[in-house]
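The values are calculated or read from the model by the stated rules, or taken from the named source; none is laboratory data. The structure displayed is predicted, hence computed values, not measured ones. When we count neighbours, we look across all protein chains shown, and the Cβ atoms used for this are built from the backbone with ideal geometry, even at glycine.
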There are 2 protein chains.
Amino acid sequence: MISGKTKLIGHLGFPTESFKAPLIYNPYFERDGIDAVVVPMGSRAEDYPDFLKLFFRLSNAHGALVTMPHKVVTTGLVDDLMPTAAIAGACNAVRREGDGRLTGDMFDGEGFVRGVLRKGRQVAGTRALVVGAGGVGSAISASLAKAGVAELGLFDMNGGAAEALGGRLTRYYPALKVSTGSNDPAGFDIVVNATPLGMKPGDPLPLDIERLPASAFVGEVVMAQTITPFLAAAQQRGCQVQVGTDMLFEQIPAYLEFFGLPTTTADDLRSVARLG
Amino acid sequence: MISGKTKLIGHLGFPTESFKAPLIYNPYFERDGIDAVVVPMGSRAEDYPDFLKLFFRLSNAHGALVTMPHKVVTTGLVDDLMPTAAIAGACNAVRREGDGRLTGDMFDGEGFVRGVLRKGRQVAGTRALVVGAGGVGSAISASLAKAGVAELGLFDMNGGAAEALGGRLTRYYPALKVSTGSNDPAGFDIVVNATPLGMKPGDPLPLDIERLPASAFVGEVVMAQTITPFLAAAQQRGCQVQVGTDMLFEQIPAYLEFFGLPTTTADDLRSVARLG
């Protein structure tokens, strides 16, 4: 029940028609009597810098979920940018601190890491390969680094993107061992497809599946189908896998913590969501 | 259930804590499956002109309910101001037209008039006395004029305020007979207290009750108590009366029509509201 005391969380992006967050957060808030609401706000790119600022001047504004096309520009609009967002080069959550300053962070990769941990696997001290150094690959790499991986292999068809991501990672995590230039999964504990390969029928696999160790934990960001051809091939080799939508739900408890709201498990959120 | 397709109606004012509109509109929208939501937005005076503009540039913005302290300044921020709002000198509803222009109107007085009509009384062709020419008195006068009263008596302790209101009324309704300078209710068909008298115990009545005809329909804007001393005195004289909160609920169907949303009766809205 929205009132004048309800904490307002703007969901800022354009267009809004396919927004999922309100269908996940609001049923949870309602069920648990949490006085907060996620409200889609279709801010266009040309208006967004001004709108973000004025939104956070509303007395009942509590936070913002930021989505396409504003994730990158938001990194330059907040007062304090958390390292994960700085490395990812993108920001998908903003909160107002007590002194009015805006803090920005990035949780796409956090969702991936939490999913791995919750499936009983270790992240700290492991070797991880991230194939694809675009937005989501950068976010996952940043969160893997935060979670303490010992070594990160980065690969992108655009070699410069992987090099640049490696540079950003080692600036914040000087002890992290970063290698670039290869998508060979041999010897890695965690292997992630962060490319769009698998969205279209007939896409090649993102790496040489014959080189994938059976002991590897294999993750996927593509959500076009639950078990992508890459995940199916990994399962055939005996690998434990994580599907694309796991990342989506696993990151929500992280947002709730960031916004200082009562939290719950990803599974509970999934059970109460009204995605239809 | 809020989604990215839901029509967003901003409730713009500051502070927001005591806002009632979300508690009235949203339960109705939910019960009837109307895909719209009223969301409080605590915009401060210094931010409001910019915020109003940017709010209406949101792709899912449908309309705005405007309240304190923005009603007066809004008259200068819309592209097209309806006569009732121009006369009232205040605007409490804004909608975006197909071409992007903003239209502003004022429904406080419309709620009063609808309440009179729904109680089986006539407005067109009658003589009405409005005591108090401030914001709410101006709004009621403008709506009475729109509804076709033949004559309006206007009185305010500040004589200039009544004169100025009379001038605005006759600019839009040249055939309307306006008199100012007297709060004598003798000879009037509709008599309204639009002053704050009655909010505090011991307030004098707004007019000489001995001069009030039993045939008059008597209305009140004070909501501190349902039956104010003025209404009680009028009832004792045999007058039919309208309480302050009637105006509140009677105006909501008018807003719904203004916003192009399915409408219902004031009584139905009152029954579904969750004012607690």
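Quick notes on this structure:
- From B:Ile9, B:Ile24, residue being assigned to a helix (DSSP H, G or I), more than 9 Å from chain A (Cβ to nearest Cβ) and among the β-branched types (Val, Ile, Thr): B:Ile24
- A search for C-beta distances below 9 Å between a residue of the range B:251-276 that is within 14 Å of chain A (Cβ to nearest Cβ) and any residue that is of a type in the set (Val, Ile, Thr), counting only pairs 6+ apart in sequence or on different chains, returns B:Val272/B:Ile24; B:Val272/B:Thr264; B:Ala273/B:Ile24; B:Arg274/B:Ile24; B:Leu275/B:Ile24.
- For the range B:254-267, a residue qualifies if it is modelled with pLDDT of 95 or more, assigned to a helix (DSSP H, G or I) and not hydrophobic (A, V, I, L, M, F, W, C), and the qualifying residues are B:Tyr255, B:Glu257.
- Only one of the listed residues (A:Pro69, A:Pro40, A:Pro27) is surrounded by fewer than 17 Cβ atoms within 10 Å (Cβ to Cβ) and not hydroxyl-bearing (Ser, Thr, Tyr). That residue is A:Pro69.
- Every pair of residues 6+ apart whose Cβ atoms lie under 9 Å, when the first sits in the range B:151-165 and is at positive phi and part of a helix (DSSP H, G or I) while the second is surrounded by fewer than 24 Cβ atoms within 10 Å (Cβ to Cβ) and aromatic (Phe, Trp, Tyr): none
Residues checked against (1) in contact (Cβ under 8 Å) with a residue 12 or more places away in the chain; (2) buried (at least 20 other Cβ atoms within 10 Å of the Cβ); (3) under 27 Å from B:Tyr255 (Cβ atoms); (4) more than 20 Å from the chain's Cα centre (by Cα):
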| site | (1), (2), (3), (4) |
| --- | --- |
| B:Ser138 | yes, yes, yes, no |
| B:Pro174 | no, no, no, yes |
| B:Phe188 | yes, yes, no, yes |
| B:Ala194 | yes, yes, yes, no |
| B:Pro204 | no, no, no, yes |
| B:Asp208 | yes, no, no, yes |
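- Condition check for B:Thr226: more than 17 Å from the chain's Cα centre (by Cα) and either touching a residue at least 60 places away in the same chain (Cβ under 8 Å) or surrounded by fewer than 20 Cβ atoms within 10 Å (Cβ to Cβ) (or both): yes
- Single residue of the range B:12-21 satisfying the filter (within 20 Å of the chain's Cα centre (by Cα) and facing chain A (nearest Cβ under 7 Å)) that is farthest from B:Thr74 (Cα to Cα): B:Ser18
- In the condition set (1) under 16 Å from B:Val116 (Cα atoms); (2) modelled with pLDDT under 95, B:Cys239 is compliant with all but (2).
- Selected residue (criterion: nearest to the other protein chains (Cβ to nearest Cβ)) from residues of the range A:76-86 that are within 29 Å of B:Ala45 (Cα to Cα) and buried (at least 17 other Cβ atoms within 10 Å of the Cβ): A:Leu77
- Odd one out for A:Thr67 among (1) within 14 Å of another protein chain (Cβ to nearest Cβ); (2) under 27 Å from B:His70 (Cβ atoms); (3) in contact with a His (Cβ under 8 Å, 6 or more places away or on another chain): (2)
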